[in-house]
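Below is one structure; the comments refer to it alone.
The values are calculated or read from the model by the stated rules, or taken from the named source; none is laboratory data. What you are looking at is a predicted structure, and each value in this text was computed from that prediction instead of being measured. Counting neighbours? That spans all protein chains shown, and the Cβs are built from the backbone with ideal geometry, glycine included. What goes into the accessible areas is simple: the full protein's heavy atoms, side chains included, and nothing from ligands, DNA or RNA. Shrake-Rupley method; radii C 1.70, N 1.55, O 1.52, S 1.80 Å.
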Amino acid sequence: MSSKDKQDQIDRYVKGMNKSTRRQQLQKANKKMRRNQASKKARRKDWIPGNLDVVDDWDELEEWDDYEDSERIMPRDEGERRRAVESVAFQPAAKAEADEGETAFIDDEDTLTGMVVEVSKGLFRVQVDDQTLLCSLRGNLSVTETGFTNAAAVGDQVIVRVDGAGGGVIEAVLPRRSLLARPDTFYSHLQQIIVANVDQLLVVSSWREPHIWLELVDRYLIVAERNHIPAVLCVNKIDLLQDPAELAATLRPYRDLGYTVVVTSTVTGAGIEQLRALLADQTTVLAGLSGVGKSSLISAAEPGLNLRTSHISDKRQEGRHTTTQATWHPLAAGGAVVDTPGIREFGLSGLYQADLIGFMPDLEPHAAGCRFNNCLHMDEPDCAVRAAVENGQVAASRYDSYKQILSTLPA
Ligand SMILES: Nc1nc2c(ncn2[C@@H]2O[C@H](COP(=O)(O)OP(=O)(O)OP(=O)(O)O)[C@@H](O)[C@H]2O)c(=O)[nH]1
Ligand SMILES: [Zn+2]
């Protein structure tokens, strides 16, 4: 059965249920998903995304009743979140009501659930418990319907059919709770997934050497906003700080926006404990200019972890210098850090000038007061955003970033 047929079947079943039964089943499914943290033998009845925190607020579910109308304006991952819970909650029952004789998609004992930790040259390294399997992708694992050019990425939870010789085939990719994607280089209407199931983006700067570059910080925050991923700011090399008031003023707009800011030094050890706590049990993608101290910070927070050398050793892997989109580094306390070279370049592709302000939540509310609907908040008369900067409601540094970033975007 195609995934669309499966979804249709679920939709039909859901429509026939009353609200409270439906709600109960959704709650049960969510509990089941939370319980099912560890990887283990995958049976069809266990087809549950591991640590998928699909719904935080169950009251939101009431609003899902109208999803058919709202789905068109829902971000892709919202729709995906909804379908993930629904498929766990309703699929077995919907299936039972449908054609009894239909055979299950995956129902044998040779499959395992695991997580993709490396993608290279069309092959996937999948972590299953404490071993890694080198896997290929099932030939007909379709990417055409998904809007993505790759079927699986680092961080994806997958179902693997083992071949008994240390390898396997990825049979299915489980629903994602979030992802970091960029427009594909060749098919710009499609997205390429860089990392799946990301919990947070850690934006690392150094206070000096190199000097903190706020435009880049703001670019990363926009990347996080566009991907609906929370961001945490880390300002490193704080041992080089001379004027604490300058630091406080620089970071104030971010604290006001509600971002967690951690100030660190790998020389004095300042902030490392706080950083370690922020990383624990989270999948964190690292972003930051070369030389700001990402490697040093991660080694300080997790002794023994070296970002620049892969943790994976396997004699079948040819060479260490294969280019990968993302490298996965598990943490002893749970969670992982993911290093993604090139995040800066791809971050804002596909963004147009008029959309930019929508990803800067401190500037955006003021735009409603501009005289012109199509105001880009540069030199237009009666611009309320510029007025907000002049009267101190919006930080000048954030507006400077806005102008600089705007000048790099297509109209
Ligand atoms: N003064 C000072 N220097 C630091 C600190 N953290 C790292 N460094 C130095 O900064 C330089 C760059 O550190 P790395 O950890 O390699 O930086 P990175 O961000 O991983 O750089 P790339 O690997 O190029 O992305 C090294 O010489 C470190 O010793 C710090 O807190 N204070
Ligand atoms: Zn304006």
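Structure notes:
- Among all positions in the stretch 346-362, there is no residue which is free of Cβ contacts under 8 Å to residues at least 40 places away in the same chain, part of a loop (DSSP other than H, G, I, E, B) and outside the structural domain of residue 204 (by TED's automatic domain parsing).
- Any chance residue 302 is of a type outside the set (Gly, Ala, Ser), loosely packed, with under 15 Cβ neighbours inside 10 Å and within 16 Å of ligand 1 (Cβ to nearest atom): no
- Looking at the stretch 190-273, the strands (runs of 3 or more DSSP E) lying wholly inside it that each contain 2 or more residues that are touching a helix residue (DSSP H, G or I) at 6+ places or on another chain (Cβ under 7 Å), free of Cβ contacts under 8 Å to residues at least 40 places away in the same chain and on the phi < 0 side of the Ramachandran plot sit at 231-236, 260-263.
Residue-wise test of (1) open to solvent by less than 40 Å² (accessible area, probe 1.4 Å); (2) in the same structural domain as residue 205 (by TED's automatic domain parsing); (3) within 9 Å of ligand 1 (Cβ to nearest atom).
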{"position": "261", "(1), (2), (3)": "yes, yes, no"}
{"position": "268", "(1), (2), (3)": "no, yes, yes"}
{"position": "272", "(1), (2), (3)": "yes, yes, no"}
{"position": "281", "(1), (2), (3)": "no, yes, no"}
{"position": "285", "(1), (2), (3)": "yes, yes, no"}
{"position": "290", "(1), (2), (3)": "no, yes, yes"}
{"position": "297", "(1), (2), (3)": "yes, yes, yes"}
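- Complete set of residues in the stretch 128-169 that are within 17 Å of the chain's Cα centre (by Cα), outside any loop (DSSP other than H, G, I, E, B) and among the hydrophobic types (A, V, I, L, M, F, W, C): 148, 154, 158
- Yes/no for residue 220 being aromatic (Phe, Trp, Tyr) and buried (at least 18 other Cβ atoms within 10 Å of the Cβ): yes
- Selection within the stretch 275-291 - modelled with pLDDT under 95 and part of a loop (DSSP other than H, G, I, E, B): 288, 289, 290, 291
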